[in-house]
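Worksheet: one structure, shown below.
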Amino acid sequence: MKQRGFEIAKGWEDKEIHLPKRNTKYSAGYDIEAAEDVVIPPFQLGQKPVLVPTGLKAYCQDGEYLMLVNRSSGPKKGLVLCNSIGIVDKDYYGNKNNDGHIYFQFYNVKEEPLTIHKGDAIGQAIFHSFLITDDDCAEGERTGGFGSTDK
């Protein structure tokens, strides 16, 4: 039985996507690469974040989620995650809208455009468990993909 891990998202199977890996045995995060070249312009007020595709989806157990975090070198390059951290819920995996394809949302705080190249390490993914309250009664089911839980 599969417990937790990464797979290539539908439509990305022939794009030479690398599955994430940890580089040392005590690393918490799995390094994630960009699935294609993306240019991130300098930040301006009112600008939407740039979505960087990974070509990946992730599966996990009940009571778990995947946390997406910036690399420590990200801010040095000008990359800032617009949502500070990303949360990938268990039911995002395989959803009908995008198969659970994971994206990182970035702003560029430098004065010049920043190019992320396919294969560049753009962030880390960390599997976590979570707790619920005694009176939790969530019964809803996901009906879409990226950003759909509040719809």
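Overview of results
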| item | result |
| --- | --- |
| Identity of the residue in the stretch 113-135, of a type in the set (S, T, N, Q) and farther than 17 Å from Asn70 by Cα, that ends up surrounded by the fewest Cβ atoms within 10 Å (Cβ to Cβ) | Thr133 |
| So Lys110, is it surrounded by fewer than 19 Cβ atoms within 10 Å (Cβ to Cβ) and either in contact (Cβ under 8 Å) with a residue 60 or more places away in the chain or assigned to a loop (DSSP other than H, G, I, E, B) (or both) | yes |
| Qualifying residues in the stretch 67-97 (those that are in contact (Cβ under 8 Å) with a residue 40 or more places away in the chain, more than 13 Å from the chain's Cα centre (by Cα) and closer than 21 Å to Arg4 by Cβ) - the one surrounded by the fewest Cβ atoms within 10 Å (Cβ to Cβ) | Asp91 |
| Inter-residue pairs, beta-carbon under 7 Å, first farther than 16 Å from His128 by Cα and in the stretch 1-23, second part of a loop (DSSP other than H, G, I, E, B) and among the acidic types (Asp, Glu), 6+ apart | Ala9/Asp99; Lys10/Asp99 |
| One residue from Glu36, Glu16, Glu64 being closer than 15 Å to Phe127 by Cβ, of a type in the set (D, E, K, R) and over 14 Å from the mean Cα position of the chain (by Cα) | Glu64 |
| The stretch 7-66: number of residues that are of a type in the set (Val, Ile, Thr), surrounded by 13 or more Cβ atoms within 10 Å (Cβ to Cβ) and in a loop (DSSP other than H, G, I, E, B) | 2 |
| Failed item in (1) polar (S, T, N, Q); (2) out of contact with any Lys or Arg (no Cβ under 7 Å at 6 or more places or on another chain); (3) farther than 25 Å from Tyr107 by Cβ, with Gln61 passing the rest | (2) |
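Every number in this text was worked out from the coordinates using simple rules, so none of it is lab data. Given the structure is predicted, the values throughout are model-derived calculations rather than measurements. Ideal geometry is used to build each Cβ from the backbone, glycine not excepted, and the neighbour counts take in all protein chains shown.
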